[in-house]
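Right, one structure below, let's go through it.
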């Protein structure tokens, strides 16, 4: 399987009612929906060395990046307010099955593992004098 998704951050315009009764529509440069970048792929493979044996291998890779807050082209810690998350996950497993006793019994062994790289920042840029 393979999946990919990209969505830009979305800043919904706000409406300000003025003292004279008019409306002022403007964006505040803060995202209501964060930027998303996702990738995932994986697969299942199997091999039968003999009619009563099966070796199965599976793997999956997931990547996700999210950035929300002030919409600027700078590092997250330099924005007035922001949240940035990155996950990079790889997981996999191996299964071995052997059938015996005229296929009335079986022995199955499993092994699996996962590696996760996760980074997260949430914060405000300090403003002095306020």
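Here are the numbers for the structure shown:
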quantity: Single residue of 106, 40, 31, 61 found to be surrounded by 11 or more Cβ atoms within 10 Å (Cβ to Cβ) and free of Cβ contacts under 8 Å to residues at least 24 places away in the same chain; calculated: 106
quantity: So residue 69, is it touching a residue at least 12 places away in the same chain (Cβ under 8 Å), surrounded by 11 or more Cβ atoms within 10 Å (Cβ to Cβ) and on the phi > 0 side of the Ramachandran plot; calculated: yes
quantity: Residue list for segment 1-23, restricted to those being surrounded by 10 or more Cβ atoms within 10 Å (Cβ to Cβ) and in a strand (DSSP E or B); calculated: 3, 4, 5, 6, 7, 10, 14
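Yes or no, residue by residue, for (1) modelled with pLDDT under 95; (2) assigned to a strand (DSSP E or B); (3) under 19 Å from residue 4 (Cα atoms):
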| site | (1), (2), (3) |
| --- | --- |
| 45 | no, yes, no |
| 51 | yes, no, no |
| 56 | no, yes, no |
| 74 | yes, no, no |
| 93 | no, yes, no |
| 111 | no, yes, no |
| 114 | no, yes, no |
| 121 | yes, yes, no |
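Conditions tested, residue by residue: (1) under 31 Å from the mean Cα position of the chain (by Cα); (2) closer than 23 Å to residue 59 by Cβ; (3) exposed (fewer than 10 other Cβ atoms within 10 Å of the Cβ).
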| site | (1), (2), (3) |
| --- | --- |
| 81 | yes, no, no |
| 93 | yes, yes, no |
| 102 | no, no, yes |
| 111 | yes, yes, yes |
| 126 | yes, no, yes |
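The values are calculated or read from the model by the stated rules, or taken from the named source; none is laboratory data. Please read these numbers as outputs of a predicted model, since none were measured by experiment. FYI the Cβ positions are ideal-geometry reconstructions off the backbone, even for glycines, and counts take in every protein chain you see.
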